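**Student:** Take this structure first; my questions come after.
The values are calculated or read from the model by the stated rules, or taken from the named source; none is laboratory data. Since this is a predicted model, take the numbers as computed values, not measurements. Because the Cβ atoms are built from the backbone with ideal geometry, glycine has one as well, and the counts that use them run over all protein chains shown.
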Amino acid sequence: MNLRVLATPHIEHYTIGLYGEVSKYVPVTLLTFKKYNLNIKQIVSPRIPIPRKRTLARDILLKILAMKYEIIHVNNSTEGTLIPAKDRLIVTEHGFPDPSVAEKEIRWFYEKEQRNLIRLYEIGVPIVTISNYAAKQLYENLGVKVKAVVYHGVLEMFRADAPKKFPERHKILWVSRLVGPKEPFVLLDAIKKIKNFNNFEVYIRGDGPLKNQIRKFIRCSNIEKLISTVPPLPFNKIPDLYKRSTIFVHTCSREPFGLSLLEAMASGLPVIVPDKGGACEIADDAALKFKAGDPSDLADKILALMLDSELYENLSRKSLERSDFFSWKKAAGEYLELYEKIL
């Protein structure tokens with residue numbers, strides 16, 4: 001395939017997984033704010049210490065470099081508007097940019113992203129998203145019909161060789177930003193309901209504006225001995241966190257995909273997800289599902305998994321089987337087909 005790709009990054013797992021595979025077939029240059037563990041050309045741009053102008057140097061570079069490549073693959077529409085030659089552009093939207101649920105400090109970006117997404121769509125730029133749920137949200141809320149849905153893959157560093165055995169003591173893991181849309185209090189309320197069942201502990205990995213409220217809730221609910229917060233980890237240490245855990249709980253009912261969920265499944269963890277949203281789509285019948293937003297139902301599902309060894313081991317096996325469906329090689333192949341269509 002005779003083309004060169006200029007790309008921007010997204011989260012680390014996606015960036016390493018997707019562009020690592022794509023670069024096996026075509027040259028990829030990554031324009032980024034930090035260097036990734038990738039054997040491809042990377043141009044690292046500085047951030048400008050000015051509010052709302054931090055990406056200015058990168059934006060100028062993106063405009064200039066875009067003229068030299070056959071394909072420009074960006075991961076939000078605001079980046080896409082910077083590209084002079086829109087006929088060489090492909091945009092991956094990682095969900096529906098909804099300002100109503102965004103943190104106040106970044107709501108302006110979501111509003112801008114919505115406007116730019118509609119603008120690019122209306123002039124014919126191909127929009128890709130990451131789940132059928134996200135595609136439906138984009139169409140119903142913005143009238144944007146995506147060109148394709150391309151699922152994420154999962155890196156081999158997360159994949160377990162065998163299902164987990166039923167443990168003597170359970171370690172429940174929750175991973176996400178500590179913000180309202182991720183619904184962390186659904187988990188905390190559920191744990192409060194089963195706090196007298198003393199054969200488990202909970203790890204919460206994440207940061208965000210709800211951190212102090214969550215700490216106060218934990219203290220006031222007398223569940224401090226059950227719950228530990230996990231500090232930020234280097235990317236290469238994250239698989240160890242899944243290995244130490246025995247159950248993964250995902251609470252966000254509006255999740256576009258849920259890459260941490262897929263990482264957990266690949267690690268062999270039985271998973272519990274809400275019955276709505278992208279996480280439900282990704283886990284499919286490999287997960288134990290609870291009624292979205294219902295802590296009582298989640299508490300029941302957690303107890304069921306902690307008390308039933310047969311259910312536990314069956315769901316661990318199903319997690320591994322379902323995770324095999326997702327691969328970065330497959331995702332890269334689908335993107336390469338889209339690149340060819342643009343040419």
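**Student:** Among residues belonging to segment 67-85 that are aliphatic (A, V, I, L, M) and in a loop (DSSP other than H, G, I, E, B), point out the one that is farthest from Asn116 (Cα to Cα).
**Tutor:** Restricting to residues being aliphatic (A, V, I, L, M) and in a loop (DSSP other than H, G, I, E, B), the top hit is Met67.
Conditions tested, residue by residue: (1) part of a helix (DSSP H, G or I); (2) in contact with a helix residue (DSSP H, G or I) (Cβ under 8 Å, 6 or more places away or on another chain); (3) modelled with pLDDT of 95 or more.
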residue: Ile172; (1), (2), (3): no, yes, yes
residue: Leu178; (1), (2), (3): no, yes, yes
residue: Leu187; (1), (2), (3): yes, yes, yes
residue: Ala190; (1), (2), (3): yes, yes, yes
residue: Lys195; (1), (2), (3): no, no, yes
residue: Asn198; (1), (2), (3): no, no, no
residue: Tyr203; (1), (2), (3): no, yes, yes
residue: Asp207; (1), (2), (3): no, no, no
residue: Gln213; (1), (2), (3): yes, no, yes
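**Student:** Counting only residues that are among the polar types (S, T, N, Q) and not in a helix (DSSP H, G or I), which one in segment 237-286 is surrounded by the fewest Cβ atoms within 10 Å (Cβ to Cβ)?
**Tutor:** For segment 237-286, the residue satisfying everything is Ser253.
**Student:** Looking only at segment 290-305, which residues are buried (at least 17 other Cβ atoms within 10 Å of the Cβ), of a type in the set (A, V, I, L, M) and not in a loop (DSSP other than H, G, I, E, B)?
**Tutor:** Scanning segment 290-305 gives Leu298, Ala299, Ile302, Leu305.
**Student:** Here's a follow-up. Within segment 5-20, take every residue that is under 11 Å from Asn75 (Cβ atoms) and outside any helix (DSSP H, G or I) and give me the one that is nearest to the chain's Cα centre (by Cα).
**Tutor:** Among those that are under 11 Å from Asn75 (Cβ atoms) and outside any helix (DSSP H, G or I), it is Ile11.
**Student:** Name, by its number, the condition in (1) more than 29 Å from Asp297 (Cα to Cα); (2) assigned to a helix (DSSP H, G or I); (3) touching a residue at least 24 places away in the same chain (Cβ under 8 Å) that does not hold for Val146.
**Tutor:** (2)
**Student:** Shifting gears a bit: Scan segment 120-131 for residues that are exposed (fewer than 14 other Cβ atoms within 10 Å of the Cβ) and on the phi < 0 side of the Ramachandran plot and jot them down. Outline the logic, then answer.
**Tutor:** Step one: list which residues in segment 120-131 are exposed (fewer than 14 other Cβ atoms within 10 Å of the Cβ), which gives 122-124.
Scanning segment 120-131 gives Glu122, Ile123.
**Student:** Exactly one condition in (1) surrounded by 14 or more Cβ atoms within 10 Å (Cβ to Cβ); (2) touching a strand residue (DSSP E or B) at 6+ places or on another chain (Cβ under 8 Å); (3) of a type outside the set (Val, Ile, Thr); (4) in a loop (DSSP other than H, G, I, E, B) is not met by Lys34; state its number.
**Tutor:** (1)
**Student:** Scanning for something part of a loop (DSSP other than H, G, I, E, B), in contact with an Asp or Glu (Cβ under 7 Å, 6 or more places away or on another chain) and among the aliphatic types (A, V, I, L, M), does segment 325-342 turn up at least one residue?
**Tutor:** No: segment 325-342 contains no residue that is part of a loop (DSSP other than H, G, I, E, B), in contact with an Asp or Glu (Cβ under 7 Å, 6 or more places away or on another chain) and among the aliphatic types (A, V, I, L, M).
**Student:** Can you tell me which residues in segment 127-140 are within 21 Å of the chain's Cα centre (by Cα) and of a type outside the set (Phe, Trp, Tyr)?
**Tutor:** Within segment 127-140, Ile127, Val128, Thr129, Ile130, Ser131, Asn132, Ala134, Ala135, Lys136, Gln137, Leu138 qualify.
**Student:** Quick check: is even one residue across segment 221-235 under 22 Å from Asp324 (Cα atoms) and surrounded by fewer than 24 Cβ atoms within 10 Å (Cβ to Cβ)? Walk me through it before giving the result.
**Tutor:** First pass over segment 221-235, keeping only residues under 22 Å from Asp324 (Cα atoms): 235.
The next check asks that each one be surrounded by fewer than 24 Cβ atoms within 10 Å (Cβ to Cβ); those that pass are 235.
Within segment 221-235 (the criterion being under 22 Å from Asp324 (Cα atoms) and surrounded by fewer than 24 Cβ atoms within 10 Å (Cβ to Cβ)), the answer is yes, since at least one residue qualifies.
**Student:** Continuing with this model, one more query. Could you tell me which residue of segment 80-114 is surrounded by the fewest Cβ atoms within 10 Å (Cβ to Cβ), considering only residues that are of a type in the set (D, E, K, R) and over 23 Å from the mean Cα position of the chain (by Cα)?
**Tutor:** Asp87
**Student:** Just one of Ala331, Ala264, Ala283 is under 20 Å from the mean Cα position of the chain (by Cα) and outside the structural domain of Leu173 (by TED's automatic domain parsing); which is it? Break it down stepwise before answering.
**Tutor:** Values: Ala264 fails: outside the structural domain of Leu173 (by TED's automatic domain parsing); Ala283 fails: outside the structural domain of Leu173 (by TED's automatic domain parsing).
Just a single option satisfies the conditions, and that option is Ala331.
**Student:** Please state which one of Ser221, Ser253 is among the hydroxyl-bearing types (Ser, Thr, Tyr), under 30 Å from Val149 (Cα atoms), assigned by TED's automatic domain parsing to the domain that holds Asp161 and at pLDDT 95 or above. Walk me through it before giving the result.
**Tutor:** Working: Ser221 fails: under 30 Å from Val149 (Cα atoms).
The conditions single out Ser253.
**Student:** Give me a count of the residues in segment 9-45 that are without any contact (Cβ under 8 Å) to a residue 12 or more places away in the chain and not basic (Lys, Arg).
**Tutor:** Counting residues in segment 9-45 that are without any contact (Cβ under 8 Å) to a residue 12 or more places away in the chain and not basic (Lys, Arg) gives 0.
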